[in-house]
2 protein chains.
Amino acid sequence: MLEKMFDPDSVAVIGASRTKGKVGRAVLENLMQNGKLRIVPINPNVDEILGLRCYPNIMDVPDGLKVDLAVIVVPAQMVPNTIDECGRAGIGNVIVISAGFKEAGIEGARFERECISLCEKYGIAMIGPNCLGIIDTSSGLNASFAANMAYEGNIAMMSQSGAICTVTLDWAERIGVGFSKFISLGNKAVLAENDFLQLFEKDPSTAVIAAYLEGVKDGPEFIRIAQRVSRSKPMIVVKSGRTSVGSRAVSSHTGTLAGSDAAYNAAFKQAGIIRADSLEEMLDYSRAFSVCPLPEGRNIAIITNAGGLGILTADACYNAGLSIASFEEATVERLREKLPPAANFYDPVDVLGDAGADLYEHALDVVLEDINVNGVIVLVSPQAMTDIPGIAEKLAKKIQHSKKPILCNFAGGSRIAAGEELLNSYGIPNYSSAERAVGSMNALCNYYSIKHHSHEEPERQDSDLVFARSFIESALSEKRRTHGLESMDILKAYDIPVVDSRIAKTLPEAIQAAENMGYPVVMKILSPDISHKTDVGGIRLNLEHADDVERAYISMMSDVRHYMPDAVITGVQLQKMISGGKEVIIGMDRDPQFGPLLMFGLGGTYVEFLKDVSFAVAPVTGAEAKHMVSSIKTYPLIAGVRGEVASDIDSIIRTLLKVSQLVTDFPEILEFEINPLMVLPEGQGCVAMDIRFTLKS
Amino acid sequence: MLEKMFDPDSVAVIGASRTKGKVGRAVLENLMQNGKLRIVPINPNVDEILGLRCYPNIMDVPDGLKVDLAVIVVPAQMVPNTIDECGRAGIGNVIVISAGFKEAGIEGARFERECISLCEKYGIAMIGPNCLGIIDTSSGLNASFAANMAYEGNIAMMSQSGAICTVTLDWAERIGVGFSKFISLGNKAVLAENDFLQLFEKDPSTAVIAAYLEGVKDGPEFIRIAQRVSRSKPMIVVKSGRTSVGSRAVSSHTGTLAGSDAAYNAAFKQAGIIRADSLEEMLDYSRAFSVCPLPEGRNIAIITNAGGLGILTADACYNAGLSIASFEEATVERLREKLPPAANFYDPVDVLGDAGADLYEHALDVVLEDINVNGVIVLVSPQAMTDIPGIAEKLAKKIQHSKKPILCNFAGGSRIAAGEELLNSYGIPNYSSAERAVGSMNALCNYYSIKHHSHEEPERQDSDLVFARSFIESALSEKRRTHGLESMDILKAYDIPVVDSRIAKTLPEAIQAAENMGYPVVMKILSPDISHKTDVGGIRLNLEHADDVERAYISMMSDVRHYMPDAVITGVQLQKMISGGKEVIIGMDRDPQFGPLLMFGLGGTYVEFLKDVSFAVAPVTGAEAKHMVSSIKTYPLIAGVRGEVASDIDSIIRTLLKVSQLVTDFPEILEFEINPLMVLPEGQGCVAMDIRFTLKS
């Protein structure tokens, strides 16, 4: 159905206006840029606008005109009725430009809900409300009130902010960047990013997908779709409201519920999305993708006519994790043949200040042929002799036909402007700084990995679902929301090894339990009122015989009563003491946008002070679980390098997968943590020592 | 003397040329832009160039012409002789533009050394060789072959790369940025950054100092001068060759010995220098400083006509460590008075898409008056109704007279160009992205702290210098370069507490030593051949009585002989066992540019895997030592938060100061490490447990 949204034969403008400066006039004028389009203005007060026959109401339009798309610009309170009329008139696509909906308060939110119901009722596809409209350069449609029309190009852009659409179009106009489709998402009441991702995926004129998002409407579905789309087309997304301060601004701006940034980072990574940190980065990267082939590795050659710029660029490459290429001997020889003796024949190649277009071309040809070079960054500074347009012309032609990516930085202002314009006229970006060129090259390299990364589906982990469900349901029915040690059985249902652990209500029971499981043991207080056991003397380690258990029991009861006289004490827990392991934490927090967000980290100070943890949205694949474990900075501590004992990493990965399954199976679990999970040396597995989780009320 | 370099009455061009495109002609033409200057071309082959009387040799110039400055453009091999002639002609200032010196190889380096000797002999101040020349806009001097003349302004710029001078001048020409002085440093054979820093410090037309450096000539002096200069004028420096890859490029480029990046970071911080990560940042920051007053705090108000941009800017503020201002109630009320009801009256203030110049002005006036606002970032997107030039005009006038800094981001391309040009015509920057504006605001905030940070001089720490000197000298004379445990006495000379430690050559001696110092003790093998004692069974902990010592001694000797049969064993070291402390490391490495670089970190994995360490160039002040300790990420572990025992931080600081003194007193010490320094709980001090240092050969 969306085909007619973007390539309609006939478009109605409901709220069309004769008055210059009004949105209802701007939309009409933009639509009229396309001479082949049948345009139907709707306005009850006039018969004609800009030479077009005007109808009082959409329902008055004769059947023969068959309106494919209605653009609505009437005040918010009139929009629901207008949509109803569109539905009755059989119109399948509407764009609601009008503002005054969810973003404006309670009444507006009600209008918005009414629109959604009506769209459902009539099966209408709706963009907006509160948007700038859409542009499709292949069909020649400009159904927006944007002041600038987009040039044709292969970048599809969608934005949750109309103003950012405006900024982007204005920027693109100045330097000649083209778009295939340009969509202002507005409040995303009906159609949202997931719909357009699928549209862009199939759109033959789209090669690159760029987006500005403040949130996503359906997180899990977004990940699923993006995982597929990102393997055929690069997706570059700016997600704003990264920080707590920023998030506050989001909610006052569009009422979007911004997910935590950790969740977005994890979800984007899992979905193969390239996250841009700013609008500038998004545009920079998009332009690189729109022109360049992908580099098959991270070895970059730099060609410069200024040593200093070469060094700065090498610095930037290093910081971005790109390597400076090591040339084949033949490359160095071929460079030496034509470049002056004072030139530098190794990377960065310095063609010297008086180099002309021919020397640049020679150097570029030679390094492109080197098998150790995956991409090239060309730097041009305006030296006295530098033929800026000549070099730009040669570069533009190379770039268009090169099988390896080439990015340029003509550095300067007045004198390099001619080179910049020339490149732009070929649709080729000039990056205003080496750092921007390097950042974009890095994005190309990263996308190569994303595209060639084999994707698996999460595998279902075995579990005793019947037991687990009855456990959760009985807890819910008894309103037991917070769970600890006493609920370790839920782990057993997922075959997660649990420390041998017994509950005792009296001292004799405690001694009996210890004797049965074998020494040494650990004793912990059991009380629904106590969450930090150590603080109240509620833990005793390393008890080696019955005497120890007795002494520990008596003193623990006395300590706990001293610190928390009112606590209900249900007994003690005796656990087999495990030594020789390392403590790790596996946790889950339910993110409002993406659902179960898994966390992994080393126990103790590493998590608390260094925040050295990794995240992924569940359900995770084996590769994702493995990456969670290996991507923390303290990974060497468990991997067993430099004299550290290698821990059983595989058992951590297995446990992560099982926890992933558990929290996916039971959305009733709001938060979950195994802390610590004691990981034993390689081959000896791991054991959950304690657990805390919370169920929804 | 440098006054006549930058404001000469008469300038000779040695190697002046008639031929268009030649450097000798370009320099002449640039000089001739100043009609008041007496210009004397020197060329043996012609009588006149461009209407100026030409002399065959500088020594032929009549005394009456009194040349203040000679610009030399003859080939490198002729330069030494030319300088000799300048000296004999009594010329005090020369600029050597010619290349072909140190940067070109062995022969060039010889020419350069000859020039240096001659300059010393005649007392000549020389800039270069291998440079673009200099520009002084106050005196109207352009003694360079640059294609662009600088506009007048208050930024002084020096650059070690001529090409980066060219890039910067070209950039400045396009957007109208002015400079007071512009210096191409070249090879820095005689005059270098330290000389010009002092010049800029006193120069009344300079308010901001910008520099591109690939290295510094005299590191300790650079720190000393910059510490003083940076308190009166902001210094923004790009130091390239940050990374190992980059450093390689530096050495092939100018032969500069690049110091390690950690040393530069530490030195710049101690010197009050703002380090820019790129040329773009350097220029961005310089422009902000050239126009803006300093913010007295880090609370920033954002004014925008586009919600999305406001969020992105708030994100960027948060990332940079700036706060979004909390307005006074009166501010919100005053905003509410004039802004439309749908506007946002809290920070970020959204004046809405149709806001005109008056609304922007109102919002700006109101937030500027709020005591909680230290600086303002104004965002303007080109919405349909937006009066770009009108808003730019209002902003420019406010910015010029504001007592708080205001930075702008007109976001877009075609339509905002008019605003950008208008701002530029007032000398006011438009930042092309919110992130760049925020980065510059952050630099202003940081400089406010630098300027108001009270600076102390390092205090001399007490020491037994006589003992220490004789210790070092006897070690040097005996060619003992590597020192360990056996040399702990050097610490005692600086009053650094050392663990009670005795050497024993036989088992009876070992038992005697343990009995004398009291149990428990630790035993370590003593051998010049063994550096990793643990690996060969050369350490025994927790020996509690004579029997333990005996058993340990026998088994250790057997183990060590087994692992290293050929090692010379000189005995064992017995140390009092210390428990209840935390291990930290204090180290020193001698940096080629800045000298003794101190390092501090927590022991073990924190240093090894997390590289959680801090650096400072010795000698350090108390405040610097304190900052070294508190700036590591794991500081909470020793500061005693969240249940951790507070360690004796003061004793760490004292030890850092003493090590700083030791390595400053003895440049003979190349590397030095106390590892571990055992830090006891607060009030109980610290104890050096082991030591390693290396003396120069």
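Quick note: the coordinates plus some simple rules give every number you see, no bench work behind them. Computed from a prediction, not measured in an experiment: that's the story for all the values here. Cβ: placed from backbone, ideal geometry, glycine included. Neighbour counts: every protein chain shown.
Overview of values
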item: Listed pairs B:LYS492/B:LYS611; B:LYS20/B:LYS188; B:LYS102/B:LYS217; B:LYS338/B:LYS404 exceeding 21 Å between Cα atoms; result: B:LYS492/B:LYS611; B:LYS20/B:LYS188; B:LYS338/B:LYS404
item: Isotropically averaged projected area of the stretch A:50-195, using the convex hull of Cα atoms (one quarter of hull area), nm²; result: 9.2 nm²
item: Rg(Cα)/(2.2 N^0.38 Å) for the stretch A:112-188, N = residue count; result: 1.18
item: Folded to 0 to 90 degrees: helix A:434-452 orientation relative to chain A principal axis, Cα; result: 70 degrees
item: Among B:609-619, B:541-551, B:123-133, B:516-526, the order from most to least packed when residues are scored by Cβ within 10 Å on average; result: B:123-133, B:609-619, B:516-526, B:541-551
item: Neighbour-count order for B:CYS54, B:CYS86, B:CYS317, fewest beta carbons within 10 angstrom listed first; result: B:CYS54, B:CYS86, B:CYS317
item: Estimated FRET transfer efficiency when R0 is 51 angstrom, pair A:VAL332-B:GLU668 (beta carbons, to 0.05); result: 0.75
item: Antiparallel bridge percentage (DSSP; both residues within the stretch A:1-156; nearest 5); result: 25 percent
item: Packing-based exposure ordering (other Cβ within 10 Å, fewest first) of A:GLU112, B:GLU48; result: B:GLU48, A:GLU112
item: Of every Cα-Cα pair in the stretch A:146-291, the percent that sits beyond 21 Å; result: 38 percent
item: Relative contact order of chain A, defined on C-alpha pairs under 8 angstrom at six or more residues apart (%); result: 8 percent
item: Largest-first principal axis extents of the Cα set of the stretch A:500-577 (Å); result: 32, 19, 18
item: Backbone HN-Hα couplings from phi across the stretch B:487-497 [Karplus 6.51/-1.76/1.60, Hz, Gly and Pro as x]; result: 10, 4, 4, 4, 5, 4, 4, 9, 6, 8, x
item: DSSP beta bridge pairing in chain A, given as percent antiparallel to the nearest 5; result: 50 percent
item: Label distances, nm, B:PRO389 versus same residue in remaining copies, Cβ-directed 7 Å point; result: 2.9
item: Antiparallel bridge percentage (DSSP; both residues within the protein assembly as shown; nearest 5); result: 50 percent
item: Computed Kirkwood radius, in angstrom, where 1/r is averaged over Cα pairs of the stretch B:260-316; result: 14.2 Å
item: Phi to ³J(HN,Hα) by Karplus 6.51 cos²θ - 1.76 cosθ + 1.60 over the stretch A:675-681, Hz, x for Gly, Pro; result: 8, x, 9, 8, 9, 8, x
item: Of every Cα-Cα pair in the stretch B:582-695, the percent that sits beyond 24 Å; result: 18 percent
item: Extent along principal axes [Cα atoms of the protein assembly as shown; Å; largest to smallest]; result: 100, 100, 66
item: Listed residues A:PRO676, A:GLY439, B:ALA26: farthest to the positive end of the dipole of the protein assembly as shown (Cβ charges); result: B:ALA26
item: Amide H contacts of B:ILE95 (H built 1.01 Å from N, under 5 Å, at least 5 apart or other chain); result: B:ALA70, B:VAL71, B:ILE72, B:ILE127
item: For A:SER323, label point 7 Å along C-beta direction: distances to other copies, nm; result: 4.7
item: Approximate shape of the stretch B:294-451 as ellipsoid semi-axes (Cα gyration tensor, √5λ), whole Å, largest first; result: 21, 19, 14
item: Sorted by Cβ density within 10 Å, fewest first, the residues B:TYR264, B:TYR346; result: B:TYR346, B:TYR264
item: Compactness index (Cα Rg / 2.2 N^0.38 Å), the stretch B:1-48; result: 1.17
item: For B:LYS696, label point 7 Å along C-beta direction: distances to other copies, nm; result: 7.2
item: Axis proximity, chain B to A: residue whose C-beta lies nearest, plus whole-Å distance; result: B:LEU610, 3
item: P(r), alpha carbons of the stretch B:481-610 - 5 Å bins starting at zero, rounded %; result: 2, 9, 16, 19, 19, 16, 10, 5, 2, 1, 0
item: Convex hull per residue volume in Å³, alpha carbons only, for the stretch B:625-685; result: 86 Å³
item: Rounded if a/c under 1.5, otherwise prolate or oblate - the stretch B:341-412, Cα gyration tensor axes; result: oblate
item: Computed log₁₀ I(q)/I(0) - Debye formula, equal Cα scatterers, no solvent, the stretch A:1-131, q 0.11, 0.21 Å⁻¹; result: -0.34, -1.26
item: Karplus 3J(HN,Hα) series, Hz, for the stretch A:554-559 with 6.51 cos²θ - 1.76 cosθ + 1.60 (x for Gly, Pro); result: 5, 6, 5, 4, 5, 4
item: Debye log10 I(q)/I(0) for chain A, one point scatterer per Cα, at q = 0.06, 0.07, 0.08 Å⁻¹; result: -0.50, -0.65, -0.80
